[in-house]
Amino acid sequence: MSAYATSPRPAGSPPARCQVRRGQPPNQGYKRAPSLAAPATWNLNRAALRSFLAYCTRHGLIHGPDPSGPLQARAIRADPDRRVIPARQLQALWHRSDIALQDKTFRRLAYDSAARAGELLGLDLADLDLDAKTAVLAGKGGIPRQVNWYTHTAHLLARLTTGRTEGPVFLASRRRRAPVATADRDPATGRARLSYRRAAECLTGTTGWTLHQLRHTRIRELKDHGCPLPVLQKITGHRSLRTLTEHYPGPSPEAVRAWYNESDPAARRRRAGTRT
């Protein structure tokens, strides 16, 4: 390990920003990483570490074998179906009377549109077309895309934005002490744009669910209703159909059973006999 600590730094190379103890086993520090970390978190940190060590090797800051070699990637066994909110509980949420207008509007918009919560929080009043029930937002990678919603959400949005003509659609409950960018502040009240953290806390605090679960549940519902994959891809803003099919829930067991009942040859013969 002394090679790592004593290797000279080539002229012009960036200074080393870490110190390694002499005599320390190469993997001692890495093995102390929490063994209970989620596989995705473990893999992300492992990739960052390997990238850093590769950089150090290229610039002659370290020599010898890669000390991260023994760290193996962990298999991700996520079950998208477990993220789906039960239908009864979701309907109960829509009918609750103890939820503030803004929270109710944001959740209904997030569900109807199946958009990412962060994208919706970036909406300004100028982005909305309330009559057409659409809006143009900045999607992933800054690519503009259209989102849509239903009539009940349009009524909520109209109530929420009454008397306002500019500024963010969703606002924090009170003014922030720290300076806020003009684009993220309501000019009439001085309130800042609602943050993702606060929106997530409000939902989790009242239901125990996450904002992303609303998106997962909506995608399941659209698949159950037979939404074509190209249309579903446009709705969700995914660039890859593989992501949409592998990382999000497929049709529900009820939808699969209904398809079998509908396509059963015996059932088709019975229907044909009834028509004749």
Within region 235-244, the residues that are free of Cβ contacts under 8 Å to residues at least 60 places away in the same chain and surrounded by 15 or more Cβ atoms within 10 Å (Cβ to Cβ) are 238, 244
The helices (runs of 4 or more DSSP H) lying wholly within region 169-276 that contain at least 3 residues that are under 21 Å from residue 83 (Cβ atoms) are 196-207, 211-224, 229-236, 241-246, 253-263
Suppose the filter is crowded, with 18+ Cβ neighbours inside 10 Å, under 16 Å from residue 102 (Cβ atoms) and β-branched (Val, Ile, Thr); does residue 153 pass it? yes
Can you tell me which of 221, 262, 254 is free of Cβ contacts under 8 Å to residues at least 40 places away in the same chain and surrounded by 14 or more Cβ atoms within 10 Å (Cβ to Cβ)? 221
Taking region 86-131 and keeping residues under 21 Å from the mean Cα position of the chain (by Cα) and assigned to a loop (DSSP other than H, G, I, E, B) leaves 86, 114, 115, 116, 122, 123
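Conditions (1) of a type in the set (S, T, N, Q); (2) surrounded by fewer than 13 Cβ atoms within 10 Å (Cβ to Cβ), marked per residue:
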| site | (1), (2) |
| --- | --- |
| 165 | yes, yes |
| 178 | no, yes |
| 201 | no, yes |
| 205 | no, yes |
| 209 | no, no |
| 212 | no, no |
Search region 60-75 for residues that are farther than 18 Å from residue 40 by Cα and not assigned by TED's automatic domain parsing to the domain that holds residue 39 and pair each with any residue that is of a type in the set (Gly, Ala, Ser) and at pLDDT 85 or above when their beta-carbon atoms are under 9 Å apart and the residues are at least 6 apart or on different chains. 66/54
Residues of region 132-150 satisfying the condition of being assigned to a loop (DSSP other than H, G, I, E, B), surrounded by fewer than 14 Cβ atoms within 10 Å (Cβ to Cβ) and of a type outside the set (Phe, Trp, Tyr): 132, 143
Per the filter on region 184-201, residues over 13 Å from residue 103 (Cα atoms) and in contact with a strand residue (DSSP E or B) (Cβ under 8 Å, 6 or more places away or on another chain) are 184, 185, 186, 189, 191, 192, 193
Members of region 172-209 that are in contact (Cβ under 8 Å) with a residue 40 or more places away in the chain and within 16 Å of the chain's Cα centre (by Cα): 195, 196, 199, 200, 203, 209
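The values are calculated or read from the model by the stated rules, or taken from the named source; none is laboratory data. These figures come from a predicted structure and were not determined experimentally. Positions of Cβ are backbone-derived with ideal geometry, glycine not excepted, and every protein chain shown enters the neighbour counts.
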